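Working notes, beginning with the structure itself.
The values are calculated or read from the model by the stated rules, or taken from the named source; none is laboratory data. Bear in mind that the values here come from a model prediction, so they are computed numbers and not experimental data. Every residue, glycine among them, receives a Cβ derived from its backbone with ideal geometry; neighbour counts consider all protein chains shown. Please note that ligands, DNA and RNA were not included when accessible areas were found on the heavy atoms of the full protein model with its side chains. Shrake-Rupley method; radii C 1.70, N 1.55, O 1.52, S 1.80 Å.
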Amino acid sequence: MRFILLYLDPGSGSYLIQVIIAAVLGVGFFFRNFWYRIKSFFTRRDPEKEKENDAAE
Amino acid sequence: MQPLPASFRDNDGFVFSKEGKIFRYVHPRYEAHYQHLQRSGLLQELWDNHLLIPHTEQEAISEFGFREGRIWQPEKIPFISYPYEWSFGMWKDAALLTLNIAQRALKKGMVLKDASPFNVQFRNGQAVFIDTLSFENYAEGNPWIAYRQFCECFLAPLLLMRYGHPDAGRIFTIYPNGIPLGILKNILPPRARWNLNNYLHIYLQASLSSSSIKTAGKQARLSRGKLVVLLDGLVGYVKGMSVKQEKTTWDDYYRSTILGETYLQAKTQLVRSFTEGLSFDSVIDLGANNGHFSLLFPGKRVVALDADPNCIEALYQQIKQSKSDILPLVIDLAAPSPAIGWNNRERDSISDRLRADLVMALALIHHLAIGLNLPLSMIAEWLLPMGPYLLIEFVPKEDEKVQGLLRNREDIFDGYDLADFRKVFAERYSLLREEPIGNTGRILFLFKRN
């Protein structure tokens, strides 16, 4: 069994990392959206527009 | 048909040449993917946006000795360059092109199965993807198969240039299949770890893959939405990278030299008048510096070489805007790109690729003869196969720049003078024009190969 494992594609680690990164970045995106909502609540601006403006910067 | 030496990795087809033309054979097993590439509109979209090299389909496959499959004739790239010859901005644009294509593909239900910088070439100052067999049908839940390759082949060199030196991309020459992350994390300065993207894509991945045995057998699933987040994240990460301008020797060559403006004007005028009546399509500019002379030939294909990554980067940014047909490359003539890859035949050396109608060696010869101790005959032999016309500037020993080179060393260069220069070149070329450049003592020669 051990020997078979030695021949495993090291890509298996890179699959797992993608799941982790997507999760971490996903949280970032979530909070960013959250922030836009708070910001728009006080500035009374459309949150979608706010997002576009930010992206264009 | 024999595949070309660089075309053995992909099972779905290969590139071959026939009567000097380049073709790509596509095996029937790729058909389902190609059907989707066409029907989804992705192929046309990539062509319309000049992101992918266009091809025409050859109907008569039996003439090529095939009974099944397809044969494409891709548009020819005039000069093949390799990633370790690119400046930072070229690397960055190649990485962004690869991600851009992966994003567009995913929207149309396909994935990019390769993320190799060798699949990117430059023409008219624009990066273009050349491997039409890299597209595969996407299966929901699969992670990006080329992610690791993208990290090792794009992120790694970019980070070495970003944190190390703009010239560090040349390290890719010894790791053309990707710089292993375990090596990369030890080369990068410790502060690089304190960036979230660096940490995730490089450090964490390196430690995870070294312990991959623990995770073996578990196939990770990644939803489409998460894959989009991953690709978007990579785009932002790469876009945010920049190099600090390391001060290099050649930065202000023309501005700071006392040779200055009049010399440059006189030389420009001579180069124009010498080449006016010549018939040529392609130019090699050896030691191009900021590309002042490369830019004198609109409508011609120019390859501009210099060892200074800052000069090449500045030239690249300039022609990227103007879309001129100039290919700027970082080449150190003292250590030119070797032939590498399997059996040393996968990627040609730069010496084998340097072919053009007109070869320019302006203010170069003293660097080779004095700086590198090369005898004039060896320089002439090196220039000879490059092209039929040679525009070369002779810089006499009394010249301020040559004296600078000799300042801290013994003058062992008895064979370096005008008489010798004439003799060596007259043995191989016929002289067409000769003119002194202002009152600098330098002389411009135009030769034609015998």
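Taken over segment B:313-328, the criterion of being closer than 12 Å to B:SER294 by Cβ, assigned to a loop (DSSP other than H, G, I, E, B) and open to solvent by 50 Å² or more (accessible area, probe 1.4 Å) is satisfied by B:ASP325 alone. For segment B:60-77, the set of residues classified as surrounded by 15 or more Cβ atoms within 10 Å (Cβ to Cβ) and in contact with a Lys or Arg (Cβ under 8 Å, 6 or more places away or on another chain) consists of B:ILE61, B:ILE71, B:TRP72, B:GLN73, B:PRO74, B:ILE77, listed by residue number. When the residues of segment B:182-195 are narrowed to those that are among the hydrophobic types (A, V, I, L, M, F, W, C) and either surrounded by 13 or more Cβ atoms within 10 Å (Cβ to Cβ) or not in a helix (DSSP H, G or I) (or both), which ends up nearest to the chain's Cα centre (by Cα)? Only one residue fits best here, namely B:LEU184.
Taking segment B:165-181 as the range and being buried (at least 18 other Cβ atoms within 10 Å of the Cβ) and not hydrophobic (A, V, I, L, M, F, W, C) as the test, the residues that pass are B:PRO166, B:ASP167, B:GLY169, B:ARG170, B:PRO176, B:GLY178.
Okay, residues lined up against (1) more than 25 Å from B:LEU296 (Cα to Cα); (2) modelled with pLDDT of 95 or more:
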{"residue": "B:ALA339", "(1), (2)": "yes, yes"}
{"residue": "B:SER349", "(1), (2)": "yes, yes"}
{"residue": "B:ALA361", "(1), (2)": "no, yes"}
{"residue": "B:LEU368", "(1), (2)": "no, yes"}
{"residue": "B:ARG407", "(1), (2)": "yes, no"}
{"residue": "B:LEU418", "(1), (2)": "yes, yes"}
{"residue": "B:VAL424", "(1), (2)": "yes, yes"}
{"residue": "B:LEU432", "(1), (2)": "no, yes"}
{"residue": "B:ARG449", "(1), (2)": "no, yes"}
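The selection criterion, being under 28 Å from the mean Cα position of the chain (by Cα) and at pLDDT below 95, does not hold for B:ASP281.
Those residues that are among the aromatic types (Phe, Trp, Tyr) and either under 16 Å from B:VAL302 (Cβ atoms) or buried (at least 22 other Cβ atoms within 10 Å of the Cβ) (or both), I need them from segment B:356-393; list them, please. Once the filter is applied, which keeps residues that are among the aromatic types (Phe, Trp, Tyr) and either under 16 Å from B:VAL302 (Cβ atoms) or buried (at least 22 other Cβ atoms within 10 Å of the Cβ) (or both), segment B:356-393 yields only B:TYR389. Of the set (1) closer than 20 Å to B:GLY291 by Cβ; (2) open to solvent by 10 Å² or more (accessible area, probe 1.4 Å), all apply to B:ILE331 but (2).
The set of residues from segment B:98-155 being over 28 Å from B:SER294 (Cα atoms), in contact (Cβ under 8 Å) with a residue 60 or more places away in the chain and among the β-branched types (Val, Ile, Thr) comprises just one member, B:THR132.
If you go through segment B:110-148 and pick out every residue that is open to solvent by 40 Å² or more (accessible area, probe 1.4 Å), within 19 Å of B:SER40 (Cα to Cα) and away from chain A (no Cβ under 14 Å), you end up with 3. Of the residues B:ARG433, B:ARG422, the single one that is assigned to a strand (DSSP E or B), open to solvent by 70 Å² or more (accessible area, probe 1.4 Å), of a type outside the set (A, V, I, L, M, F, W, C) and in the same structural domain as B:LEU354 (by TED's automatic domain parsing) is B:ARG433.
If only residues of segment A:1-35 that are more than 7 Å from every other protein chain (Cβ to nearest Cβ) and not in a helix (DSSP H, G or I) are counted, the one that is modelled with the highest pLDDT is A:ASP9.
Assess whether B:HIS50 counts as being in contact (Cβ under 8 Å) with a residue 24 or more places away in the chain, loosely packed, with under 15 Cβ neighbours inside 10 Å and in contact with a strand residue (DSSP E or B) (Cβ under 7 Å, 6 or more places away or on another chain). Considered against the rule, which asks whether it is in contact (Cβ under 8 Å) with a residue 24 or more places away in the chain, loosely packed, with under 15 Cβ neighbours inside 10 Å and in contact with a strand residue (DSSP E or B) (Cβ under 7 Å, 6 or more places away or on another chain), B:HIS50 comes out as yes.
If you go through segment B:1-40 and pick out every residue that is open to solvent by less than 40 Å² (accessible area, probe 1.4 Å) and basic (Lys, Arg), you end up with 1. Does segment B:240-252 include one or more residues that are at pLDDT 75 or above, open to solvent by less than 20 Å² (accessible area, probe 1.4 Å) and either within 14 Å of chain A (Cβ to nearest Cβ) or under 23 Å from the mean Cα position of the chain (by Cα) (or both)? Yes, there is a match, as at least one residue in segment B:240-252 is at pLDDT 75 or above, open to solvent by less than 20 Å² (accessible area, probe 1.4 Å) and either within 14 Å of chain A (Cβ to nearest Cβ) or under 23 Å from the mean Cα position of the chain (by Cα) (or both).
If we keep just the residues of segment B:289-312 that are of a type in the set (Gly, Ala, Ser) and more than 15 Å from the chain's Cα centre (by Cα), which is surrounded by the most Cβ atoms within 10 Å (Cβ to Cβ)? Checking each candidate, the answer is B:SER294.
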